[in-house]
Amino acid sequence: MQFAYTILYVSDVAASLAFFENAFGLKRRFLHESGDYGELDTGATALAFAAHPLGRMNLPEGYVAADASPLPLGMEIALVTDDVAAAHAQALRHGGVELQAPSLKPWGQTVSHLRCPDGLLVELCSPIST
């Protein structure tokens, strides 16, 4: 078995892709012509976005939409960078909402948290030294 995708259900797939492109410098792999599904090129595992109507089709009993929840969902996407402060500031300039400013953790890693316009919780972190 191999971890292949993380798919986030969002209100506007193109806007979510654009936020990740502008805020974090990730590259768009594709956006389906319907606008209901798109992926970012993030390496071996794709970060993908699907429109809420697809989510309701896949999960007819419902789900908690991240953009409708007043609090972040109990999951996050972590992006590793050598300059957490600069990446954090860039994300805020493009519409991210600060939850935790960059701070040095006891184990030596710099970490920040923000919420994307689509409600997703993102951790920005420096590489972990081994």
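Listing for the model above:
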quantity: The stretch 66-127 - percent relative contact order, Cα under 8 Å, separation 6 or more; calculated: 44
quantity: Share antiparallel - DSSP beta bridges, the stretch 5-91, percent rounded to 5; calculated: 55
quantity: Gap separating the Cα centres of the stretch 21-78 and the stretch 104-124, nearest whole Å; calculated: 18
quantity: Rounded to 10°, Cα long-axis angle of helix 13-24 versus longest principal axis of the chain; calculated: 10
quantity: Heavy atoms of ILE128 accessible to a 1.4 Å probe, total area in Å² rounded to 10; calculated: 120
quantity: Vicinal HN-Hα couplings computed from phi for the stretch 25-35 (Karplus, 6.51 cos²θ - 1.76 cosθ + 1.60; Hz; Gly/Pro x); calculated: x, 6, 9, 6, 7, 5, 10, 4, 4, 6, x
quantity: Helix 84-93 vs. the chain, principal-axis angle (Cα, 0 to 90°, nearest 10); calculated: 40
quantity: Karplus-derived 3J(HN,Hα), 6.51/-1.76/1.60, for each residue of the stretch 109-116, Hz, glycine and proline x; calculated: 9, 8, 9, 9, 9, 8, 10, 6
quantity: Long-range HN-HN contacts of PHE30 with modeled amide H, under 5 Å; calculated: GLU39
quantity: Accessible surface, 1.4 Å probe, highest first, among residues SER112, SER11; calculated: SER11, SER112
quantity: Whole-Hz ³J(HN,Hα) from phi, Karplus 6.51 cos²θ - 1.76 cosθ + 1.60, for the stretch 37-47, glycine and proline x; calculated: 8, x, 9, 9, 7, 10, x, 5, 10, 7, 9
quantity: Antiparallel %, DSSP beta bridges [both residues in the stretch 54-130], to 5; calculated: 70
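The values are calculated or read from the model by the stated rules, or taken from the named source; none is laboratory data. The shown structure was predicted, so the numbers you read here are calculated from the model rather than taken from an experiment. SASA here: full protein model, heavy atoms, side chains in, ligands and nucleic acids out. Shrake-Rupley method; radii C 1.70, N 1.55, O 1.52, S 1.80 Å.
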